[in-house]
Amino acid sequence: CAYEKITYLGYPFSISPTFQKLNTNSTMADAFNIVKDIQELCVKTNKTLVVYLSMAFGNPYNDPYNAATVIEWMHEMKSIDIRIISIADTVGLAQPGDIQNLLQEVYKNDHGIETGVHLHSASHNQQQKIDVAYKAGCRRFDGALKGIGGCPMANNPLVGNIDSMFMIDHFKKLAVFNNYNFDALRKSLIIADEIFN
């Protein structure tokens, strides 16, 4: 919050109790209180909180999950005035059909929340996942510069964040994304090279 240039803060709230404990050493109730605290800080400092509903497409711990649980937590987040939620496939379990089915349920009703996806994927089906989400109505996509990162709990080391440039190039080909600051993007890629090489 002390950095004026930072506009968005993100918090990973998992619908899997096991992953919430592993990832943040918190119960879901504790994590929700943390979200409330961060939201209060964001309001005071003119930032926007993005909540990532992680493990929304399944988890490797056999914790129950379904669209109703995702929508229930969206309502909980809305109750504390969270305006942006990113539905996350944290360990890359989602198949294109899973993405389509969940998003169709989410987008059936207007929740008053800008809802997007944070997909992890191996390279062979990342485009299919993006296309399915777009056709289901998604217009907010998270990526990572150079595809850096992923979840250490994923069973497959090839499953990680989708490269932002892959998404930008793909949406440009579909003529649905042209408004971006190329100079800022180029500078960001240079910084990413310096950090991760």
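Residues are listed down the side, and each one gets a yes or a no for (1) open to solvent by 50 Å² or more (accessible area, probe 1.4 Å); (2) at pLDDT below 85; (3) in contact with a Phe, Trp or Tyr (Cβ under 8 Å, 6 or more places away or on another chain):
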position: 151; (1), (2), (3): no, yes, no
position: 167; (1), (2), (3): no, no, yes
position: 175; (1), (2), (3): yes, no, no
position: 179; (1), (2), (3): yes, yes, no
position: 186; (1), (2), (3): yes, no, no
position: 189; (1), (2), (3): no, no, no
position: 195; (1), (2), (3): yes, no, no
Those residues of the range 5-27 which are in contact with a strand residue (DSSP E or B) (Cβ under 7 Å, 6 or more places away or on another chain), open to solvent by less than 20 Å² (accessible area, probe 1.4 Å) and polar (S, T, N, Q) amount to 14, 20
Those residues that are open to solvent by less than 10 Å² (accessible area, probe 1.4 Å) and either in a loop (DSSP other than H, G, I, E, B) or within 25 Å of residue 7 (Cβ to Cβ) (or both), I need them from the range 92-112; list them, please.
94, 106
Condition set in contact (Cβ under 8 Å) with a residue 40 or more places away in the chain and assigned to a helix (DSSP H, G or I), scope the range 119-128, selection most open to solvent (accessible area, probe 1.4 Å): answer is 127
Suppose we filter 116, 137 for residues that are part of a loop (DSSP other than H, G, I, E, B) and either at pLDDT 95 or above or open to solvent by 20 Å² or more (accessible area, probe 1.4 Å) (or both); which single one remains?
137
Can you work out which of the residues in the range 28-50 that are open to solvent by less than 40 Å² (accessible area, probe 1.4 Å) and β-branched (Val, Ile, Thr) is nearest to residue 62 (Cα to Cα)?
35
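The values are calculated or read from the model by the stated rules, or taken from the named source; none is laboratory data. All figures in this text were calculated on a predicted structure; none of them were measured in a lab. Because the Cβ atoms are built from the backbone with ideal geometry, glycine has one as well, and the counts that use them run over all protein chains shown. Note: areas computed on protein heavy atoms with side chains; ligands, DNA, RNA excluded. Shrake-Rupley method; radii C 1.70, N 1.55, O 1.52, S 1.80 Å.
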